[in-house]
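K.L.:
Okay, here's the structure, questions in a sec.
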Amino acid sequence: MDCEIKFEPTGKIVKVRRGTSVLSAARQGRIHIATRCGGNAGCLMCKVNVPDQQGQSGLSTPTDAERRKLGSMMDQGTRLACQAKVTGPAVVVLPEDPLKAAIRRQLEKQQAEDDLW
């Protein structure tokens, strides 16, 4: 059975088979999620956020490896894309690229300074 997973902030929806990892679903949809460990819960680079508990129901329960790696981050809705499996309709939020985040912060700072004048 196919399941849909929506990747925010792009809004892209990818249809995958039940049991497909979020990382594999992203790759099928040509969405980049960084990883170095090859999907073995070793690098913590593939963190994604599940925005609410309803979205959580569309993903598998966390593995022991994921629980050990993420610890308290799981309480904030963080999951590892390499470990979380799609079990139904789901929404995940991709982290902002660090370079884009730095540029955005600089632009916001400049805008705030310009507003003072």
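K.L.:
Within the range 15-27, can one find any residue that is without any contact (Cβ under 8 Å) to a residue 12 or more places away in the chain, basic (Lys, Arg) and over 21 Å from Ala101 (Cα atoms)?
P.N.:
Yes, some residue in the range 15-27 is without any contact (Cβ under 8 Å) to a residue 12 or more places away in the chain, basic (Lys, Arg) and over 21 Å from Ala101 (Cα atoms).
K.L.:
Name the residues in the range 11-60 that are closer than 11 Å to Gln83 by Cα and polar (S, T, N, Q), would you?
P.N.:
Hits for the range 11-60 are Thr20, Ser21, Ser24, Asn40, Ser60.
K.L.:
On to the next question. Can you name the residue in the range 47-72 that is modelled with pLDDT under 85, part of a loop (DSSP other than H, G, I, E, B) and of a type outside the set (S, T, N, Q) and is also farthest from Ser24 (Cα to Cα) among such residues? Reasoning before the result, please.
P.N.:
Of the range 47-72, the ones modelled with pLDDT under 85 are 51-57.
Still in the running and part of a loop (DSSP other than H, G, I, E, B): 51-52, 57.
From what is left, the residues that are of a type outside the set (S, T, N, Q) are 51-52.
Working: Pro51: 20, Asp52: 22 Å.
Top of the filtered list is Asp52.
K.L.:
Moving on to the next point. Taking the options Leu23, Leu99, name whichever one is loosely packed, with under 14 Cβ neighbours inside 10 Å and assigned to a helix (DSSP H, G or I). If you could, list the steps in order and put the result at the bottom.
P.N.:
Numbers: Leu23 fails: loosely packed, with under 14 Cβ neighbours inside 10 Å.
The unique qualifying residue is Leu99.
K.L.:
Within the set of pairs 6 or more residues apart or between chains, which connect a residue that is free of Cβ contacts under 8 Å to residues at least 40 places away in the same chain and within 17 Å of Pro9 (Cβ to Cβ) inside the range 100-114 to a residue that is of a type in the set (Asp, Glu) and surrounded by 10 or more Cβ atoms within 10 Å (Cβ to Cβ) with Cβ atoms less than 8 Å apart?
P.N.:
Note: pairs meeting the criteria are Arg104/Glu96.
K.L.:
Under the condition of being free of Cβ contacts under 8 Å to residues at least 60 places away in the same chain and surrounded by 10 or more Cβ atoms within 10 Å (Cβ to Cβ), which residue from the range 72-95 is farthest from Ser57 (Cα to Cα)?
P.N.:
Restricting attention to the range 72-95, the residues satisfying the condition of being free of Cβ contacts under 8 Å to residues at least 60 places away in the same chain are 72-80, 95.
Applying the additional criterion that residues be surrounded by 10 or more Cβ atoms within 10 Å (Cβ to Cβ) yields 73-74, 77-80, 95.
Working: Met73: 18, Met74: 14, Gly77: 12, Thr78: 14, Arg79: 13, Leu80: 15, Pro95: 20 Å.
Checked the range 72-95; the qualifying residue farthest from Ser57 (Cα to Cα) is Pro95.
The values are calculated or read from the model by the stated rules, or taken from the named source; none is laboratory data. None of the values given here were measured: they were computed from a predicted structure. As a convention, Cβ positions derive from the backbone with ideal geometry for all residues, glycine included, and neighbour counts pool all protein chains shown.
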